[in-house]
Amino acid sequence: MTYCVGMRLDRGLVFMSDTRTNAGVDNISTFRKMHSWEHPGERTIMLMTAGNLATTQSVVSHLEERMKAPDDRAPSIFEAPSMFQVAQLVAATLKEVIANHGGAGQTADSTFHATIILGGQIAGSPSRLFLIYPEGNFIEAGSDTPFFQIGETKYGRPILVRAHDPAMGFAEAVKLLLVSFDSTIKANLSVGLPLDVQIYEENALKLGQTLRIGADNAYFTEISSLWGDALKHALDQLPDITL
């Protein structure tokens, strides 16, 4: 399992993902779930994955191979004229990979499932953010749904629902996401550090700041400790029930 969040802001997009992959408590590994590509001045595309590792790595490999040698049957995400069509290409690739794995003598197709958060911007259009399902369909973020989560979503969702504000700056958004990830990491062993962060500023058409936050990161340690103390203090301030 994993945990990834893509968030829309007035200023652009923010992505955060963990790096833990596990197939049981005695087989835990670290793999990057966040991928990005850019053609500065023309387009920037970012992608995060959750689900079967072989499936997600195959999808990324297919996309990258098609960038090197595109053809009419399998066009490159660098050739698509809109982010909607980029989402269509990624969705079709995901569906194709799952079908190929599921048809190779396996019966449990869900074993090979994966979900993807895709975001970016192509010159001449605003940035867009999509959630792509293993069936090959997808939805787009908007004012009513300003962020997407994939993987182990339930523990980190409440703080995002309560505190997200499209007008917040990138630093505040990263702080909010770190609180969400801290809650998830403490509740579920299948999500863990290090965390990858990618910031994209609207109309920049190039990758923004990239961070990797490990267990030795002083800021994350401080956020985790202060958030825990704040929750305890807030609980103490609530009125007691009359029994």
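The values are calculated or read from the model by the stated rules, or taken from the named source; none is laboratory data. Because the structure is a prediction, the values reported are computed rather than measured. Positions of Cβ are backbone-derived with ideal geometry, glycine not excepted, and every protein chain shown enters the neighbour counts.
Restricted to region 1-101, the set of strands (runs of 3 or more DSSP E) holding at least 3 residues that are not β-branched (Val, Ile, Thr) comprises 3-9, 12-17, 34-39, 43-51. Among residues of region 109-124 that are more than 16 Å from ILE150 (Cα to Cα) and hydroxyl-bearing (Ser, Thr, Tyr), none has a beta-carbon under 9 Å from a residue that is modelled with pLDDT of 95 or more and assigned to a loop (DSSP other than H, G, I, E, B) at least six positions away or on a different chain. Among the strands (runs of 3 or more DSSP E) confined to region 107-223, the ones with at least 2 residues that are surrounded by 20 or more Cβ atoms within 10 Å (Cβ to Cβ) and modelled with pLDDT of 95 or more are located at 114-122, 128-132, 147-151, 195-201.
The single residue among ALA50, ALA54 that is among the small types (Gly, Ala, Ser) and either surrounded by 14 or more Cβ atoms within 10 Å (Cβ to Cβ) or without any contact (Cβ under 8 Å) to a residue 24 or more places away in the chain (or both) turns out to be ALA50.
With the structure loaded, tell me whether THR2 is closer than 30 Å to ALA187 by Cα and modelled with pLDDT of 95 or more or whether it fails that test. Against the criterion (closer than 30 Å to ALA187 by Cα and modelled with pLDDT of 95 or more), THR2 does not qualify.
Answer yes if at least one residue in region 221-231 is in contact with a strand residue (DSSP E or B) (Cβ under 9 Å, 6 or more places away or on another chain) and of a type outside the set (Gly, Ala, Ser), and no otherwise. So far as region 221-231 goes, no, none of its residues is in contact with a strand residue (DSSP E or B) (Cβ under 9 Å, 6 or more places away or on another chain) and of a type outside the set (Gly, Ala, Ser). Condition first: over 24 Å from ALA173 (Cα atoms), among the β-branched types (Val, Ile, Thr) and touching a helix residue (DSSP H, G or I) at 6+ places or on another chain (Cβ under 7 Å). Can you find one or more residues in region 100-120 that meet it? Looking for residues that are over 24 Å from ALA173 (Cα atoms), among the β-branched types (Val, Ile, Thr) and touching a helix residue (DSSP H, G or I) at 6+ places or on another chain (Cβ under 7 Å), one finds none in region 100-120, hence no. Out of curiosity, is PRO158 under 24 Å from SER224 (Cα atoms) and either touching a Phe, Trp or Tyr at 6+ places or on another chain (Cβ under 7 Å) or in contact (Cβ under 8 Å) with a residue 60 or more places away in the chain (or both)? So PRO158 fails the test.
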